[in-house]
Every structure is written in C-alpha cells, then in structure tokens.
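So the structure is just underneath, and the comments pick up after that.
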Amino acid sequence: MKKTGILNAELNAGLSRLGHGDLVVVADCGLPIPPGVQVVDLALVHGVPRFVDVLDALLGDAVFQECVVATEADGTDAGAWLAERFPERRAVSHEALKAMSADARLFVRTGEATAFANAVLVCGVPF
C-alpha cells in the first residue's frame with residue numbers, strides 16, 4: 001500500500017513510464033482524445049474530479065519543466081488556475097494544443113466541465 005502520492009493504479013503506472021521531454025495532457029471532459037495515446041479516464045460526472053485537483057496531484061508526484069495552455073484560456077477560470085501554477089506557461093491556440101495532444105505519452109481526462117481547462121505538461125527531471 002502506498003503511503004503518499006497518487007493512488008490510482010493506472011495513473012501511477014502511466015506516470016512511472018514517463019521520461020524527460022514526454023508530454024502529459026491533463027484535460028477537461030470535452031477535449032478530444034487522439035487515437036493511439038494512453039488514456040487514464042478519471043471522469044466520473046461533470047465536475048468530478050476537478051481539473052485543479054488532478055493537476056495538483058500530478059505536480060506533487062512528478063517533475064514538469066513546461067506547461068502549454070490554450071490562448072483562449074486567458075481571462076477564464078481555467079486561465080487563472082493555470083497562471084497560478086505556471087507563471088511562465090507557453091500559450092498556443094486551442095487547435096494547436098489539440099494537435100499537440102496527439103504526441104502525448106499520457107492523456108489524463110478529468111471530469112472538469114470548465115472551458116479550456118486543458119494543459120500539456122512537458123516532463124522534466126528532478127536533478
């Protein structure tokens with residue numbers, strides 16, 4: 001039994017297989033899932049689990065060197081959540097973010113129903 005950190009076995013396994021430079025998508029419940037990408041679907045109902053709760057759990061468990069967000073998130077609740085956690089995030093169009101998700105090693109779907117609550121995280125190293 002794990003003492004701390006992410007308890008979801010599928011998510012834990014997916015994180016353990018990641019390496020430097022790999023992409024992880026943390027998505028709201030509406031972002032299209034690209035074919036061929038490993039998906040951990042945590043969505044239960046609209047709003048559960050929340051995007052920020054999943055994002056914070058990931059940030060507590062792994063190292064990310066960059067965050068890419070949609071420019072359309074600016075001025076939204078999702079944009080504020082992301083700005084708080086990633087002051088130096090990179091912004092691209094929502095369409096470009098969806099295209100990036102096809103290169104992800106891991107796609108984590110939340111139950112979030114807030115527009116543009118999506119992030120592409122680039123794995124870093126702890127040293």
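Taking all protein chains into account, the per residue accessible area for region 21-88 stands at 49 Å² (1.4 Å probe). Per residue, the average separation of C-alpha pairs within less than 8 Å and at least 6 apart gives the chain a relative contact order of 48 percent. Computed about its Cα centre, the charge dipole of region 1-98 is approximately 320 debye, with only Lys, Arg, Asp and Glu carrying charge at their Cβ. Backbone amide hydrogens, once placed in the peptide plane, bring A91 within less than 5 Å of V69, excluding anything fewer than 5 places away on its chain. When averaged across all projection directions, what area in nm² does the alpha-carbon convex hull of the chain cover? Its Cα hull, projected and averaged over all orientations, spans 7.6 nm². Working from Cα pairs under 8 Å separated by at least six residues, relative contact order for region 1-68 is 45 percent.
Measuring with a 1.4 angstrom probe and ignoring ligands and nucleic acids, R50 comes out at about 100 Å² accessible. Of the solvent-accessible surface of the chain, computed with a 1.4 Å probe over protein heavy atoms with every protein chain present, carbon and sulfur atoms account for 54 percent. Only the Cβ atoms of Lys and Arg (+1) and of Asp and Glu (-1) were treated as charged; on that basis the dipole of region 43-127 about its Cα centre amounts to roughly 200 debye. Taking a ≥ b ≥ c as the square roots of the eigenvalues of the Cα gyration tensor, an a/c ratio of 1.5 or more together with a/b no larger than b/c marks region 3-49 as oblate. Measuring between their Cα centroids, region 27-43 and region 76-114 lie 12 Å from each other.
The residue list C123, N12, V54 was ranked by how far each Cα lies along the charge dipole of the chain toward its positive end, using unit charges on Cβ atoms, and N12 comes out on top.
The HN-Hα couplings worked out from phi for region 95-104 by the Karplus form 6.51 cos²θ - 1.76 cosθ + 1.60 (θ = phi - 60°) are 5, 5, 5, 4, 5, 4, 4, 5, 9, 6 Hz, whole numbers, x standing for Gly and Pro.
Were the residues from A9 through V92 laid out at 0.36 nm apart, the gain over their Cα-Cα distance would be 26.7 nm.
In sequence order, region 75-90 has phi-based couplings of x, 10, 4, 4, x, 5, 4, 5, 5, 5, 8, 9, x, 10, 6, 9 Hz under the Karplus curve 6.51 cos²θ - 1.76 cosθ + 1.60, θ = phi - 60°, and Gly or Pro positions carry x.
Across all C-alpha atoms in region 58-127, the radius of gyration and Dmax reach 11.8, 36 Å.
The values are calculated or read from the model by the stated rules, or taken from the named source; none is laboratory data. Keep in mind that what you see is a predicted model, and the values were worked out from it rather than measured. Cβ coordinates were reconstructed from backbone atoms using ideal geometry, including for glycine residues, and neighbour counts include every protein chain displayed. Ligands, DNA and RNA are excluded from the accessible area calculation, which covers all protein heavy atoms including side chains. Shrake-Rupley method; radii C 1.70, N 1.55, O 1.52, S 1.80 Å.
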